[in-house]
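Some notes on the structure that comes next.
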Amino acid sequence: MKNKKLNHNIFVFDTLGIRESIKIRHKAKGFSKFKSETVSGWFPSCDFLDGVQKQRIIDKGNNKYFEIVKDEKLGKIIHICYELLSNHRK
């Protein structure tokens, strides 16, 4: 009886997604932490499996707050807010 070699090939494929976000702070004299802050990019979410796209601008010098949050997969607006920073609830 001959010895037979059995060959098995197993292929495993996976995808790697890269997501990014950025935070920029502008510091100036007369402001305790920062004068303005901009946040933009992808963020994880408990409610949305794929995460969300968020853009937020806090401008203490001009007393303005802006934020828009979109479902990353569908691009649908989940939340939008534009108001005076002094009126914004933290």
Original post:
Which condition number does Lys90 fail, the rest of (1) surrounded by 11 or more Cβ atoms within 10 Å (Cβ to Cβ); (2) over 22 Å from Ile18 (Cα atoms); (3) modelled with pLDDT under 90 being met?
Top reply: (1)
Subject >> Checklist (1) in contact with a helix residue (DSSP H, G or I) (Cβ under 8 Å, 6 or more places away or on another chain); (2) aromatic (Phe, Trp, Tyr); (3) surrounded by fewer than 16 Cβ atoms within 10 Å (Cβ to Cβ) applied to Tyr82, failing item >> reply: (1)
Original post:
Does segment 66-74 contain at least one residue that is surrounded by 10 or more Cβ atoms within 10 Å (Cβ to Cβ), touching a Lys or Arg at 6+ places or on another chain (Cβ under 6 Å), of a type in the set (Val, Ile, Thr) and not in a loop (DSSP other than H, G, I, E, B)?
Top reply: yes
Subject >> segment 1-55: number of residues that are touching a Phe, Trp or Tyr at 6+ places or on another chain (Cβ under 7 Å) and buried (at least 16 other Cβ atoms within 10 Å of the Cβ) >> reply: 4
Original post:
Is segment 37-59 home to any residue that is basic (Lys, Arg) and part of a loop (DSSP other than H, G, I, E, B)?
Top reply: no
Subject >> Gly41 vs. criteria modelled with pLDDT under 85 and under 21 Å from Glu72 (Cβ atoms) >> reply: no
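The values are calculated or read from the model by the stated rules, or taken from the named source; none is laboratory data. Note that the coordinates shown come from a computational prediction; the quantities given were computed from them, not determined experimentally. No Cβ is skipped: glycine too gets one built from the backbone with ideal geometry, and neighbour counts run over all protein chains shown.
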